[in-house]
Amino acid sequence: IENGQVLVKAANKEKAVPAAQVFAMIGYHPDFEFLERQGIYLNPETRRPQCNPETLESNVGGIYIAGVVLGGKNTSEIFIENGRFHGRQIIAGITGKGKVAEAPPVSPPGE
């Protein structure tokens, strides 16, 4: 990730893709080294990334944290039940609206 772009490597080729925002969805086993390379501060003991608890923006402006990585080494703390609102928080931070107003729950299609 660089300022204004992401370098993507595939089939032994590298391509610069313009990007205003990047969502690094790194999965169940957090790639702590990746976060540190971006300049994100991680607590030395818990490996939790430093971020604003309302918007989830990290200590590096424009980089937001969501999902299991918020728990650091304690990956069993974030589940669908409590992590499904991270996107809403992040969008509120990106749009500058701060906290998102509560909305009534919406049932998935077919229910």
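Since every read-out is calculated from the coordinates, none of them should be taken as a lab result. This structure is a prediction, so every number in the text was calculated from the model and none was measured. Positions of Cβ are backbone-derived with ideal geometry, glycine not excepted, and every protein chain shown enters the neighbour counts.
When restricted to residues that are under 24 Å from Ala20 (Cβ atoms) and touching a Leu at 6+ places or on another chain (Cβ under 7 Å), segment 32-68 contains 6.
Residues in segment 7-64 that are over 23 Å from Ile91 (Cα atoms), in contact (Cβ under 8 Å) with a residue 12 or more places away in the chain and part of a loop (DSSP other than H, G, I, E, B): His29, Asn43, Thr46, Arg47.
Any idea how many residues of segment 65-76 are exposed (fewer than 14 other Cβ atoms within 10 Å of the Cβ) and outside any loop (DSSP other than H, G, I, E, B)?
First, pick out the residues of segment 65-76 that are exposed (fewer than 14 other Cβ atoms within 10 Å of the Cβ): 74, 76.
Narrowing further to those that are outside any loop (DSSP other than H, G, I, E, B): 76.
Residues flagged as exposed (fewer than 14 other Cβ atoms within 10 Å of the Cβ) and outside any loop (DSSP other than H, G, I, E, B) within segment 65-76 amount to 1.
List the number of the failed condition for Arg47; all other conditions in (1) surrounded by fewer than 16 Cβ atoms within 10 Å (Cβ to Cβ); (2) on the phi > 0 side of the Ramachandran plot hold. Exception for Arg47: condition (1).
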